[in-house]
Amino acid sequence: MITVTPKAAEQIKQSAKQNQMEGMPLRIAAKRDENGSIQYAMGFADQQDDNDVSYSSEGISLMVPPASVELLKGATLDFVELEPGQLNFIFLNPNDPDYTPPKDEGEGAHYF
């Protein structure tokens, strides 16, 4: 499913603590646009749908709605510095037609 990098996991844990959402799973969803690219959404979830796929990566509990499972299969969630002082979550997803394997951090990624 989705791999969470250690840097992304650290930032997710910090965000959960700052927002008093510790212990809540992270819900990640994806949908394909008309042009074929993939759009992403993520946030802490206080409720789980019975159909959600649940698992963990790097100590982060993740929930994915069934409609997003195939789009996120093999994806990696990372947290990188895109420009000096600008840190963002990025999705590296081989299911996205715009994806190219990165040579440098952030290349071929979609930013959150």
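In whole Hz, with x marking every Gly and Pro, tabulate ³J(HN,Hα) for the range 19-35 from phi via Karplus 6.51 cos²θ - 1.76 cosθ + 1.60, θ = phi - 60°.
Values per residue, Gly and Pro as x: 9, 6, 10, 4, x, 8, x, 9, 8, 10, 10, 9, 9, 8, 7, 4, 7 Hz.
Any aspartates and glutamates with Cα under 15 Å of the K73 Cα? List them, leaving off those in the same chain fewer than 8 positions away.
D52, D96
Given the range 3-111, what whole percent of its Cα pairs are spread farther than 17 Å?
Taking all Cα-Cα pairs of the range 3-111, the fraction more than 17 Å apart is 54 percent.
Which aspartates and glutamates, on any chain, are close to K7 with Cα under 18 Å apart, when same-chain ones fewer than 8 places away are left out?
Of all the aspartates and glutamates, those that pass the test against K7 - Cα under 18 Å, at least 8 places apart if same chain - are E22, E58, D78, E81, E83, D104, E105, E107.
Can you run phi through the Karplus equation (6.51, -1.76, 1.60; θ = phi - 60°) for the range 39-45 and list ³J(HN,Hα) in whole Hz, with x for Gly and Pro?
9, 10, 9, 8, x, 6, 10
Bear in mind that the values in this text are calculations on the coordinates, not laboratory data. All values derive from a computational prediction rather than experimental measurement.
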